[in-house]
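Down below is the structure, laid out as structure tokens.
Readers should treat all values here as calculations from the given coordinates under stated rules, not as data from a laboratory. Source: prediction; values computed, not measured. Neighbour counts run over all protein chains shown; Cβ positions are idealised from the backbone, glycine included.
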Ligand code: BG6
């Protein structure tokens, strides 16, 4: 099967940081179908050779095994060509059309790794130039809009030129092996399903902590914030994977229908929950990994008076028979103490205690997403020190863990998120992509909170970079997030 992958934003940050390395890995693993071309598109005046040199220079910054040898790069570079385009100019789309017509590939992927402000224009122009054929697939990177109305405007523009099954909206969390394992855990194993409900689960925590700050994206981040950057998409997709009903089969729409139902069942915000069930914070200067780091307001590109949140903690509830009354706590932030994404499923304690058990010793299932990928089941057992105090030990239980490390079991060289997603686009598999109605529903749910914060609702709380956020110092926040002693 031949394909042409047109990479709009071909010299941009996403292209060289994520997409080119992923395409190279797919090429190296032999999983990229033979007979493919990658057409980088940007405004710069570059020849094919200059574009290859540009990409080569980027690869030279890659360290370790992921760096191609000179010979490997040359073979990969043979797939690369360059098309100079001004995305507002119809004539440039005609030239792109001519470049594509030389090949008549079976599949033409249009990957919009550009500023989202260009999405609508590019879709209109592709339509006007007749580049929206049945062979076309469109890939859209987040953020898709900054609220429900702008998200709808993009989806409407897309819908005018392509059908939904041709559209691949990326949420790269869905491409992570750990997230696919979450689906495998729930729908490939019957063990947990009878317990996976309000009768047995007390609450669920989703944490996506990052130790990095806003890096070079200060200006972008300042107009975005953690709620739009991480919660509306990644965290809510994790919540869907945790809370959805088993789909009737593994086809894309069966999965997406169930995720949509979860989003529709999210308890709407009320004036009270807007105040009491959401906390926002912003990092101040501090130390991360032993190094002094600047506060958010000192980051390049950030306005010195900015009130953009870099931390969000919130409590969500899902109003349906399976989950009514079970809190889902979502917490995410930048410049926290560590890079650590995990989910904790806290089961209810035994209904009647015949042993002495530690206060917070209920069973927990911890799903580690990154940096390690694994599962830990927390159980209670008779203590190991029963020689010293045999009588007491007979009644006292100690927390122990069953630990499964997927990195050790399957190796760390598994297919990365972008590699997996790019191959899925080329093969036409939509399972790991987000449908427009899911996305709109997620915006609909976060929007009242966005408005509340814009209207200066509950204030922004500073936290020191390198801490776990404002949670521990704030009485209201403490009611949202169980204390850290109950974390994994
Ligand atoms: C992106 C956000 O979608 O996800 C970034 O825009 C964030 O701000 C990144 O750092 C996190 O992804 P990962 O894969 O590094 O956890």
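Summary of computed values
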read-out	value
Burial ranking of peptide ranges 173-181, 111-119 (average Cβ count within 10 Å, highest at the top)	173-181, 111-119
Shape category assigned to region 1-45 from the gyration tensor of Cα positions, a/c cut at 1.5	oblate
Ascending count of other beta-carbon atoms within 10 Å, so fewest first, for 372, 137	372, 137
Simple spin-label estimate for residue 216 and residue 267 in nanometres, 7 Å along Cα-Cβ	4.4 nm
In nm, spacing of pseudo-spin labels at residue 43 and residue 382 (7 Å Cα→C-beta vector)	7.4 nm
Once the Cα gyration tensor of the chain is diagonalised, semi-axes √(5λ) in Å	42, 25, 23
Length-normalised contact order for the chain - Cα pairs under 8 Å, 6+ apart - percent	18 percent
Mean Cβ count within 10 Å, highest first, over the residues of peptides 404-416, 278-290	278-290, 404-416
Separation of alpha-carbon centers, region 443-468 and region 150-185, rounded to whole Å	26 Å
Global form of region 219-271, assessed from the alpha-carbon gyration tensor, a/c cut-off 1.5	oblate
Full-extension gain in nm, residue 74 to residue 414, via 0.36 nm per residue minus C-alpha separation	120.0 nm
Amide N of region 95-137 lying under 20 Å from the label point, which is placed 7 angstrom from the Cα of residue 156 along Cα→Cβ	116-128
Nearest-0.05 FRET efficiency for residue 189 and residue 65, computed from C-beta distance (R0 45 Å)	0.85
Crossing angle, helix 90-101 versus the chain [Cα axis fit, 0-90 degrees, rounded to tens]	90 degrees
Ranked list, fewest to most other Cβ atoms within 10 Å of each Cβ, for 255, 354	354, 255
Rounded tilt (10° steps) of 436-454 against the dominant C-alpha axis of the chain	70 degrees
Cut-off 14 Å, label 7 Å out along Cα→Cβ of residue 245, residues of region 302-319 by amide N	319
Prolate/oblate/rounded label for region 300-444 (Cα gyration tensor, a/c 1.5)	prolate
